[in-house]
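Working notes, structure below.
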Amino acid sequence: MIKKRSMFLLVMIGLFVLCSLVFASEKNSFSQYSPSMSPLGEKFSADKAYGHIQHLAEKIGPRPAGSPKERQAAQYIYYILEQSGWQVTHQPFSKVVVNPNPLDPEHKVQVINSQNIIAELPGREPETILLGAHYDSADVYAPGALDNASGVGVLLEIARILATENHEKTYQIVFFGAE
């Protein structure tokens, strides 16, 4: 039951994002498109998106900000985007976090290191469409399928599709670390 509900949620998120992309790319007229004509809708693979979710949530597991698992997730995302033909860079940063756990006074304040993964697919026009999702998870007790491997999985599948299409506008996808 949970797997069906998760798959349904994933498909709904994917459809929402795809519809947003299709309508955002139109030149002020919605009448030229019908959902069945969308070049993206026919090729979106929920199975591939779900495969990314499984990799992040099950193979890598919990990805707390600044952890080795978060770095492993960043490497996975970077690799997938690069293999799809995107221009990929990373933006490292440090962040001060306050541990809200009053029972752990030893680690009240700490500095963590993380990075954003930035991918770009240049178009013929300078106008840019920006998509984003965070890839870390809340803590070590949650595998992070809904926080936020589902968003990352859908965006990685959209990235695969966009890389195969001709497009006028530039696309950027940012995967945020330490959200």
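Quick note: the coordinates plus some simple rules give every number you see, no bench work behind them. This structure is a prediction, so every number in the text was calculated from the model and none was measured. Glycine also receives a Cβ, built like all others from the backbone with ideal geometry; neighbour counts cover every protein chain displayed.
Screening region 125-152 for residues that are touching an Asp or Glu at 6+ places or on another chain (Cβ under 6 Å) and small (Gly, Ala, Ser) and picking the one that is nearest to residue 57 (Cα to Cα) gives 137.
Note on region 122-142: residues that are within 17 Å of residue 70 (Cβ to Cβ) and surrounded by fewer than 19 Cβ atoms within 10 Å (Cβ to Cβ) total 6.
So, of the residues in region 159-175 that are assigned to a strand (DSSP E or B) and of a type in the set (Ser, Thr, Tyr), which turns out to be surrounded by the most Cβ atoms within 10 Å (Cβ to Cβ)? Result: 171.
Among the residues of region 121-136, is any part of a helix (DSSP H, G or I) and either over 19 Å from residue 78 (Cβ atoms) or of a type in the set (Phe, Trp, Tyr) (or both)? No, that holds for no residue. For region 41-65, the set of residues classified as of a type outside the set (Gly, Ala, Ser), buried (at least 18 other Cβ atoms within 10 Å of the Cβ) and outside any helix (DSSP H, G or I) consists of 44, 62, 63, 64, listed by residue number.
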